[in-house]
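Peer 1: Quick one: this structure, given as C-alpha cells, is what I'll be asking you about.
The values are calculated or read from the model by the stated rules, or taken from the named source; none is laboratory data. These numbers were taken from a predicted model, which means no experiment stands behind them. Glycine also receives a Cβ, built like all others from the backbone with ideal geometry; neighbour counts cover every protein chain displayed. These accessible areas exclude ligands, DNA and RNA; they are computed on the full protein's heavy atoms, side chains included. Shrake-Rupley method; radii C 1.70, N 1.55, O 1.52, S 1.80 Å.
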Amino acid sequence: MKYLNKIYISLTILCCCTIQAQNMQEGFTYLETGAFAKAEVFFDDILKTYPDNKTANLCYARALGLNNNPKEANRLFSNMLKQHPNDFEIELNYAESLLWNKNYTDAKSYYYTLVTNHPESFPALLGYANTLSNLKEYSEALDYVNRALAASPDNPNALISRKYIRLGYASKLVQLRDYDSAINLLNDNLIDLPNDKDTLLNKANVYLIIKNSKKAKEAYQQLATNRADSIVALNGFALADHINTKNKKALKWALKAVVLSQKHKDENLIKLANERYIQALIWNKKFKEAEEAIITEKLKYPNDNSVLALSATLGMYRSDFKESIQDYQNILANDSLSFDGNLGIANAHFADGDPNNAYKAVNKTLTIFENQKDAITFLEKLNTTYSLYIEEKAGHSYDNGDNKAYFSTTTLHFPLNTKWSLSAYYRYRETKNSITNRSAKSNDIKGSVQYQFHPKASFNASLGTTSVTSFNNNYNQTLIEAFFKAKPFKLQDLETGYKRDVQDFNADLTNEEITADNLYINYNIGSNFKFGWFTQYFFTTQSDNNQRNLLFTSLYYNFFSKPILKGGINYQYISFKERRAAVYFSPKRFNLVEAFVELLQDEQAVESKNIYYGLNLAGGYQYIEKNEKQDTYRVQAKLGYKFSNRLLADVYGLHSNIASATAAGFTYTEFGFRLKWYITGQPVFINNQK
C-alpha cells in the first residue's frame, strides 16, 4: 500500500539531516515537499563536489527511490551498508527501500532484526508495522504500530498508519464474515480520527453487507459534513433503502443527490449521482427512463465501465441476458480484474441457462476477490441447483364426504452434470371413507431422467408403476410422464407433455381402476410492466371411455417483487364427454371465475436462518352446468424455515369449497409437512472432477 510505504518520509528525512556539513536545506525541502526529481538533481550536484558525504548519499538514494527508481536506491543503500556496517540510520533507509521495491518478505526479516536490536526505535517499529500490514498480517501490524505510538505518543504519521492498518484488518474480517469485530476496529479508528471519511464509508459498507440499512444510513449521515460528502451520503441512503426493498424511497434519495451534484458542479460527483439515479430507476422498473439516461451517459463517457455496468444491470432486469453478457465482456476487456464484470457475467450466464460458464466466471471472481460475500452467495446458489437432494412430504386430507387420506412422497434427485440428472420417486397413499368403511392403498414408484439439451430447453421422462390394493380390486398399472420445458421468447415459459396416471381421489374412485392419458400445455407470458398471463390446457382420455377438457387461465399483476405480491383473476373451464356422477365429478360444463391475491417469500430468495412463506386467498363463483352460481373460496398457506443452504422445512395447509368430487356443497381440507435436504454441499460431479 503506497500510503503506508511513504507515510513516514518526513521522519527518515529528519534522520538524514543530522549532519553539520554543507548547506543542503534546499534539498531537504525538496524531499519533504515531494519534489523528488528536483531533490535527485540537487543531491547529484552535491555529490560531484562531496562524493563521500554520507548525508548527501542517503538523500540522493532516497530521492531516486521515491522518484520511481527503487531498485537503484536499494543498490545504493546496500553499498553504503558495506561502507558503514551497523549504521542504524543507513539500515533504516535500506529497510524502507525494500518496501519501495515491494519486497515485503525480506523487509519483514530485516525490520524484525532492527526492532529486536532497537526495541524503542520509532522509525523501526513503524516500518515493521507497515511491512506487516503490506503482508496482510494485520493483528501483528496493529501490535507494532501501537508500540510505535508508545515510543512517540500521538505521532500523526503513526496514527495515519494505524488507521489504514485497521481498515485493512476490518476488510479481512469482513471476508471472514466476522462483522462485529470489523465494526469494532472501525469504531476505534473514529476515536483516533473523528468523522474520518474512509472509515465511515467502510463502516457503512459493512452494514450494507449485513443488510442493516438503519446503521448504514447513520454512518452516511455522520459523513455528510459538507456538500460533496452529502452527495456521497445521499447516494448511500439510496443504496441502503434499496437493500431494505424500499425502492421508491431509494429513487427519491438518488434524485436529491443528482440535484445537489448539479449545484456542486464537480464532474466526478455528478457522474456518481447520475449512476445511482439510473440504478434507482432500474430498481423501480422504470426501464424506458433508465435506457434514455444510459444512452446520454454513453455519449458523455463512451466505453466507460461504470456506464457499461448500468447497461448490463438494465439488461438483467429486462431479461435481455445476452445483451448483459456483451456489456460484461466489454467491461472485462477494459479491466479483466473488474469485480462487477466478473461476478456480473457469472450471473448473466446462469440466467441465460449456461451454468458451465457461470461456474468459470464465479470461480475466477473468487480467485481475484477471495471470500467475497456476494460471489460466495452466488456460488452456493449455483451449487445448490446441481446438488444431490432428498425431499420428503407427508400430509393428511379430508372432505365433507367423510373421505380421508394419508400420503407421503419421497424424491431423490441426482444431477450427473449440468445437463443430465436422474430422479427416483416413491409415493404411498391410503384413503378411507368412514361411512362406507371402504379403503384403498397405493404404492407408486417412478424413475426419471432430465436432459437440458439447450440453454433454454429441457426434456423430462418418467416411467414407473403403481400397485393398488382396494376393498374389492387389486391391480398394477404403468405410470408414464414425458414433457418438454422451454423459453421460446424473453419472459415466456412453455411446458408441453404427456402424463399417464390413475384416478385415486377416494377409495371408490381408486377401486374403479380408471387410468387417464393426459396431453397438456402450460404457457406463461411475463412482461416488464408487471402484468402476466398464465394458461393451462389438458385433454384427457380415460379408460372408462370418458374424455375431459380442462382450461385454466390467469391474468395477474405483480405489485411488489420482494416479497412477491400479486393479484388477478382466474378462470377455469371443465367439460366431460359423459357424466359419471356416481363415481366422480364429471359435469358437461363447469365454469369458475375467481379473484385472487398471493403473497410469497420464496425459499430460494431468502438467506439461511430465515423464514419463508406463502399465502394465497381467492374468492369467486362457480357455475355447474345450468345450476345457480355458487360462491367459492380458497385459502392456501405455507410457512417454512431455512436452517441452512442445505436444509429447509415447511408446513402447509389448504381449504377450499370448489367442486371436485361432488356437484355442490363440497369442502376439502389438506395439511402437511415437507423437508428438503441437500445431501452434498456441492455437485457430486465437481467432486468427481477433483
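Peer 1: Hey, got the dipole for the range 345-405? About the Cα centre, +1 on K and R Cβ, -1 on D and E Cβ, debye to the nearest 20? Intermediate results must be reported in sequence, preceding the final value.
Peer 2: Details: 6 positive and 9 negative charges, 49 e Å.
In total the dipole reaches around 240 debye.
Peer 1: Hey, got a sec? Which chymotrypsin sites (Phe, Trp or Tyr not before Pro) in the range 489-567 land in a DSSP loop and have at most 14 other Cβ atoms within 10 Å?
Peer 2: Values: sites: 489, 498, 505, 520, 523, 529, 531, 533, 534, 537, 538, 539, 552, 556, 557, 559, 560; in loops: 489, 505, 529.
Answer in residue order: 489, 529.
Peer 1: Based solely on its DSSP helices, what 222 nm [θ] is calculated for the chain when runs of n ≥ 4 H residues each add -39,500 (n - 2.57) and the sum is averaged over all residues, nearest 500 deg cm²/dmol?
Peer 2: On the way: 25 runs with 317 residues, N = 690.
-14500 deg cm²/dmol, from helical runs alone.
Peer 1: Determine which lysines satisfy two conditions relative to residue 82: a Cα distance under 20 Å, and not lying fewer than 8 residues away in the same chain.
Peer 2: List returned: 54, 71.
Peer 1: Pull out the extension gain between residue 623 and residue 71, defined as 0.36 nm times the separation in residues minus the alpha carbon to alpha carbon distance; nm, one decimal. List each step's numbers first, then the result.
Peer 2: Details: separation 552, 0.36 × 552 = 198.72 nm, distance 9.00 nm.
Between residue 623 and residue 71, full extension yields 189.7 nm more.
Peer 1: Now, a different point. Any idea of the accessible area per residue across the range 90-209, 1.4 Å probe, to the nearest Å²? Could the numbers behind the result be given before it?
Peer 2: Working: 4960 Å² over 120 residues.
Solvent-accessible surface per residue comes out at 41 Å².
Peer 1: Which of the three applies to the range 106-186, rounded, prolate or oblate, going by the alpha-carbon gyration tensor with a ≥ b ≥ c and a/c under 1.5 meaning rounded?
Peer 2: Values: a/c = 2.80, a/b = 1.62, b/c = 1.73.
Oblate shape, in that a/c is at least 1.5 and b/c is the bigger or equal ratio.
Peer 1: Right, another one. Can you list which of the trypsin sites (Lys or Arg not before Pro) found in the range 616-646 are DSSP loop residues with at most 16 other C-beta atoms within 10 Å?
Peer 2: Working: sites: 626, 629, 634, 638, 642, 646; in loops: 626, 629, 646.
Listed in order of number, the matching sites are 626, 629.
Peer 1: Let me ask something else about it. Over 24 Å between Cα atoms, which of 136/203; 249/298; 252/285; 364/530; 252/609; 136/211 qualify?
Peer 2: Numbers: 136/203 19 Å; 249/298 26 Å; 252/285 14 Å; 364/530 35 Å; 252/609 32 Å; 136/211 27 Å.
Check vs 24 Å cut-off fails for 249/298; 364/530; 252/609; 136/211.
Peer 1: Put +1 on the Cβ of each Lys and Arg and -1 on the Cβ of each Asp and Glu in the chain; which of 365, 385, 90 then has its Cα farthest toward the positive end of the dipole?
Peer 2: Working it through, the farthest residue towards the positive pole turns out to be 385.
Peer 1: Pull up the cross-link candidates among the aspartates and glutamates for residue 163, meaning alpha carbon to alpha carbon under 17 Å and not fewer than 8 places away within one chain.
Peer 2: Partners found: 137, 140, 143, 154, 188, 192, 196, 198.
Peer 1: Could you tell me which residue out of 506, 559, 612 lies farthest along the dipole of the range 490-634 toward its positive end? Charges go on the beta carbon: Lys and Arg +1, Asp and Glu -1, centred on the Cα centre.
Peer 2: The residue sitting most towards the positive pole is 559.
Peer 1: Moving to a separate point now. So which trypsin sites (Lys or Arg not before Pro) in the range 69-119 are both in a DSSP loop and have at most 12 other Cβ atoms within 10 Å of their Cβ? All intermediate terms of the calculation are to be shown ahead of the outcome.
Peer 2: Working: sites: 71, 75, 82, 102, 108; in loops: 102.
Sites meeting the loop and neighbour criteria: 102.
Peer 1: Which FRET efficiency value, to the nearest 0.05, do you get for residue 295 and residue 565 by plugging their Cβ-Cβ distance into 1/(1 + (r/R0)^6) with R0 = 35 Å?
Peer 2: Numbers: r = 32 Å, r/R0 = 0.92.
E(calc), rounded to 0.05, equals 0.60.
Peer 1: Taking Cα pairs under 8 Å and at least six residues apart, what relative contact order does the range 367-414 come out at, in percent? Provide the component values of the computation, followed by the final result.
Peer 2: On the way: 37 pairs, mean separation 16.3, N = 48.
About 34 percent, as a whole number.
Peer 1: Assigning unit charges at the beta carbon (Lys, Arg +1; Asp, Glu -1) and nothing else, what dipole magnitude in debye, to the nearest 20, does the range 346-454 show about its Cα centre? Show your work: numbers first, answer last.
Peer 2: Details: 13 positive and 11 negative charges, 74 e Å.
Around 360 debye, computed over the range 346-454.
Peer 1: Here are a few candidate values for log10 I(q)/I(0) by the Debye sum over Cα atoms at q = 0.05, 0.06, 0.09 Å⁻¹: (i) -0.40, -0.54, -0.95; (ii) -0.32, -0.45, -0.89; (iii) -0.36, -0.50, -0.93. Which one was actually calculated from the structure I just gave you?
Peer 2: Calculated log10 I(q)/I(0) by the Debye sum over Cα atoms at q = 0.05, 0.06, 0.09 Å⁻¹: the matching label is (i).
Peer 1: Compare the Cα positions of 28, 296, 576 along the charge dipole of the chain (+1 at Cβ of Lys, Arg; -1 at Cβ of Asp, Glu; about the Cα centre) and return the one farthest towards the positive end.
Peer 2: 576
Peer 1: Between the range 607-672 and the range 72-120, how many Å separate their Cα centres?
Peer 2: 76 Å
Peer 1: What's the extension gain from residue 323 to residue 44 if we count 0.36 nm per residue and subtract their Cα-Cα distance? Spell out each step's value before the answer.
Peer 2: Numbers: separation 279, 0.36 × 279 = 100.44 nm, distance 5.79 nm.
Between residue 323 and residue 44, full extension yields 94.7 nm more.
Peer 1: Now a separate question. Nearest 20 debye, what's the magnitude of the dipole of the chain about its Cα centre given +1 on Lys and Arg Cβ and -1 on Asp and Glu Cβ? Numbers along the way, then the final one.
Peer 2: Working: 79 positive and 71 negative charges, 315 e Å.
With only Lys, Arg, Asp and Glu charged at Cβ, the dipole is about 1520 debye.
Peer 1: Which aspartates and glutamates does residue 485 reach when only Cα atoms under 15 Å apart count, and residues fewer than 8 places away in its own chain are ignored?
Peer 2: Partners within reach: 352, 493, 495.
Peer 1: By its C-alpha gyration tensor, with a ≥ b ≥ c as the square roots of the eigenvalues, how is the range 184-297 shaped: rounded for a/c under 1.5, else prolate for a/b larger than b/c, else oblate? Walk me through the numbers before you get to the answer.
Peer 2: On the way: a/c = 2.75, a/b = 1.54, b/c = 1.78.
Oblate, since a/c reaches 1.5 and b/c is not below a/b.
Peer 1: Residue separation times 0.36 nm, minus the C-alpha to C-alpha distance between residue 285 and residue 616: what's the value? Could you put the intermediate results ahead of the total?
Peer 2: Values: separation 331, 0.36 × 331 = 119.16 nm, distance 2.48 nm.
Extending this stretch completely gives an extra 116.7 nm.
Peer 1: Rolling a 1.4 angstrom probe over the protein heavy atoms, how many square angstrom per residue are accessible across the range 392-542?
Peer 2: It amounts to 51 Å² per residue over the range 392-542.
Peer 1: With a 1.4 Å probe and all protein chains left in place, how much of the accessible area of the chain comes from carbon and sulfur atoms, in whole percent? Display every interim value, and only then the final one.
Peer 2: Working: 18290 of 34070 Å².
Here it works out to 54 percent.
Peer 1: Follow-up. Defining a contact as two alpha carbons under 8 Å apart and six or more residues distant in sequence, what relative contact order in percent does the chain show?
Peer 2: On the way: 1355 pairs, mean separation 39.4, N = 690.
About 6 percent, as a whole number.
Peer 1: Same structure again: Rounded, prolate or oblate: which one fits the range 202-268, using the alpha carbon gyration tensor with axes a ≥ b ≥ c (rounded when a/c is under 1.5, else prolate when a/b beats b/c, else oblate)?
Peer 2: Details: a/c = 2.59, a/b = 1.46, b/c = 1.78.
Oblate, since a/c reaches 1.5 and b/c is not below a/b.
Peer 1: First measure r as the distance between the Cβ atoms of residue 419 and residue 267, then evaluate 1/(1 + (r/R0)^6) with R0 = 56 Å and state the FRET efficiency to the nearest 0.05. Intermediate values should be presented prior to the final figure.
Peer 2: Values: r = 49 Å, r/R0 = 0.88.
For R0 = 56 Å, the calculated efficiency reads 0.70.
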